[in-house]
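This report refers to the structure that appears directly beneath it.
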Amino acid sequence: MDIVKIQQDLQKALKPYRDEMPAYDRLPENGLPRDEIVDQILQLYKREEPRWRSGHVSGAVYHGDQEYIDFQNQVYSIQSQANPLHMDVWPSTTKFEAEIVSMTAHMLSADKTEDEIVGSVSSGGTESILLAMKTYRDWARATKNITEPEMVIPSTAHVAFEKASQYFGIKLIRVPVGSDFRADVKAMEAAITPNTIVMVGSAPPFPHGIIDPIEELSEIARSRGIGFHTDACLGGFLLPWAEKLGYPVPKFDFRLKGVTSMSCDTHKYGYAAKGTSVVLYRGRELRHYQYYISTDWSGGLYLSPTLTGSRPGGLSAAAWAALVSMGEKGYIEAARRILAAAEKIKEGIRDIPELFVIGDPLFVIAFGSKELDIYAISDTMSKKGWNLNGLQNPPAIHIATTIRHSEKGVVDQFLSDLRESVNYVKTHPELQGSMTPVYGMTSNVMLRGAVDEFLRTLLDTVFEA
Ligand SMILES: Cc1ncc(COP(=O)(O)O)c(C=O)c1O
């Protein structure tokens with residue numbers, strides 16, 4: 001396969017509407033009629049909706065019942081003009097965000113520690129992680145005079161930590177996970193230097209969904225006087241309920257003294273519309289290092305808690321509405337359904353002799369194959385309409401179980417398509433090859449060298465009208 005062919009395939013995957021819909025690379029001279037615009041958007045929506053609605057997508061849409069989406073949309077539409085940067089115009093957003101932070105903090109055991117747990121609302125998991133890492137950098141500079149900061153993360157921690165390292169000039173020490181796919185406590189400890197500002201664990205990590213030994217790691221961090229961040233972007237709104245339902249959930253939250261910050265995504269298992277997350281800190285002092293304050297700008301005093309300036313107050317309203325409408329009972333019931341579906345998926349995969357499940361995860365189920373090319377299986381599944389996440393090091397794919405998968409017949413369909421795909425790849429040896437998956441896409445690409453440059457041109461393609 002040559003690079004031009006890969007480019008063409010990706011173009012097709014990324015721009016399926018090019019030849020079918022009007023495209024605007026310049027402003028239309030006269031604005032289009034609104035009903036025509038809505039019609040165009042509806043056409044696109046209808047093309048995309050069946051796949052996620054029917055539960056063929058890993059993660060992505062975590063709730064997805066139409067009535068619930070209508071409710072979220074209604075809340076957003078009421079508050080679509082709100083911008084918390086203008087706190088005096090929209091104190092409603094301030095109320096929503098303060099309550100989102102407080103509800104999330106209490107869900108994560110804020111009331112089981114003497115310290116005050118505080119935080120703020122961000123635009124998503126990545127921003128929460130970026131903010132926390134910037135906070136530790138500035139905290140360590142101010143309180144310990146560390147000017148060449150380092151962070152110690154397990155190799156499975158989300159790539160957002162790598163992004164933070166690049167953006168904020170923090171040296172990244174990435175420690176390989178153990179054979180059980182959990183952070184290797186001894187190796188993490190050995191990676192600490194006098195410049196280490198923070199250590200990270202995930203509950204659970206994105207790739208294999210196996211919760212890190214946060215209790216041990218956070219205790220090491222505490223004894224060394226460094227920060228510890230639990231990334232619960234994925235699990236924060238599910239694990240507390242899994243624990244209540246009797247599933248084995250190791251401690252990961254503010255019950256652990258050493259945990260000094262957490263990220264927890266409302267827009268995943270919090271079931272809020274896309275675009276919000278919560279970052280939490282043990283104590284106000286730490287949170288102060290997150291804030292941006294300017295006192296001498298000609299535009300006046302400027303205060304901003306997160307990376308962006310203006311922010312979508314409508315999304316905070318929707319997140320608040322998600323939390324108060326679900327309530328504890330709603331979240332527990334959703335978790336019950338998701339975890340039951342996940343158990344069934346896990347068992348079903350284990351029953352396919354050519355496949356193996358990585359570890360014993362709760363709701364993100366990663367699997368590979370010793371004898372077949374797992375990416376070829378993933379490709380075959382995508383031809384059957386499935387959108388699974390490709391992983392590398394080692395080659396595997398995963399499905400993050402959501403409420404969509406708990407609907408009747410979805411898991412059975414998944415397992416039967418998976419069995420068929422395995423058999424198909426088995427009988428088509430020409431499909432075996434060394435492909436590399438792209439995060440968030442079903443496309444696998446076969447690349448040798450120049451990967452970095454290729455991915456840059458891929459992003460260029462995304463922005464072409
Ligand atoms: C464990 C974990 N952390 C962070 C993130 C990043 O979240 P977002 O895509 O909202 O930026 C994800 C996304 O899946 C995740 O699974």
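The values are calculated or read from the model by the stated rules, or taken from the named source; none is laboratory data. Given the structure is predicted, the values throughout are model-derived calculations rather than measurements. Cβ sites come from the backbone with ideal geometry, for glycine too, and all protein chains shown count toward neighbours. The accessibility values were calculated without ligands, DNA or RNA, using every heavy atom of the protein model including side chains. Shrake-Rupley method; radii C 1.70, N 1.55, O 1.52, S 1.80 Å.
Would you kindly state how much longer the chain becomes between Ile37 and Asp360 on full extension, computed as 0.36 nm times their sequence separation minus their alpha carbon distance, in nm to one decimal?
Additional length available on full extension: 111.5 nm.
Round to the nearest 0.05 the FRET efficiency obtained for Glu215 and Thr193 when R0 = 25 Å and r is the Cβ-Cβ distance.
The pair Glu215/Thr193 has a calculated efficiency of 0.65.
With the full set of protein chains in place, find how many percent of the accessible area of the chain is carbon and sulfur; take the probe as 1.4 Å. Write down the numbers at each step before the final one.
Working: 11910 of 22180 Å².
Heavy-atom surface of the chain belonging to carbon and sulfur, 1.4 Å probe: 54 percent.
When only Cα pairs under 8 Å and 6 or more residues apart are kept, what is the percent relative contact order across the chain? Let's see the in-between values first.
Details: 803 pairs, mean separation 87.7, N = 465.
Computed value for the chain: 19 percent relative contact order.
By how many nm would the segment from Glu148 to Val89 grow when fully extended, if each residue of separation counts as 0.36 nm and the alpha-carbon distance is taken off?
Net length gain for the segment: 17.1 nm.
Name the long-range amide H neighbours of Gly227: under 5 Å, sequence gap of 5 or more, or other chain; modelled H, no Pro or chain starts.
Sorted by chain and number, the residues that satisfy this are Val198, Met199.
Provide the packing ranking of 210-220, 354-364, i.e. peptides ordered by the mean count of other C-beta atoms within 10 Å per residue, highest first.
210-220, 354-364
Considering only DSSP beta bridges where both residues belong to the chain, give the percentage that are antiparallel (nearest 5).
Of all bridge pairs located within the chain, approximately 60 percent are antiparallel.
In whole percent, what relative contact order does region 113-242 give with Cα contacts below 8 Å and a gap of six or more residues?
Working: 195 pairs, mean separation 28.9, N = 130.
Relative contact order comes out at 22 percent.
What number, rounded to the nearest 500 deg cm²/dmol, is the helix-based mean residue ellipticity at 222 nm of the chain, given -39500 (n - 2.57) per DSSP H run of at least four residues and division by all its residues?
Taking each H run of at least 4 residues, the total per residue is -13500 deg cm²/dmol.
Shape verdict for region 312-362, please, from the Cα gyration tensor: rounded (a/c under 1.5), prolate (a/b greater than b/c) or oblate.
prolate
Once each part is reduced to its C-alpha centroid, what is the distance from region 373-411 to region 344-360 in angstrom?
13 Å
Under the rule a/c < 1.5 gives rounded, and otherwise a/b versus b/c splits prolate from oblate, where does region 127-174 land using the Cα gyration tensor? Display every interim value, and only then the final one.
On the way: a/c = 2.19, a/b = 1.57, b/c = 1.40.
Verdict is prolate for region 127-174.
Determine the per residue accessible area of the chain with all protein chains present and a 1.4 angstrom probe, expressed in square angstrom.
Using a 1.4 Å probe on heavy atoms only, each residue of the chain averages 48 Å².
From the square roots a ≥ b ≥ c of the eigenvalues of the alpha-carbon gyration tensor of region 25-101, which class results: rounded (a/c under 1.5), prolate (a/b over b/c), or oblate?
Note, shape of region 25-101 comes out oblate.
Which whole DSSP H helices in the chain pass both tests: a Cα extent of 30 Å or more along the axis and a mean Kyte-Doolittle value no lower than -1.0?
Qualifying helices, which must be both long enough and hydrophobic enough, are 313-350.
Going by average Cβ density within 10 Å per residue, which order do the peptides 392-404, 45-57, 12-24, 328-340 take, highest to lowest?
392-404, 328-340, 45-57, 12-24
Let me have the relative contact order for region 91-324, percent, based on Cα pairs under 8 Å that are six or more residues apart. Intermediate results must be reported in sequence, preceding the final value.
Working: 474 pairs, mean separation 61.0, N = 234.
So the answer I get is 26 percent.
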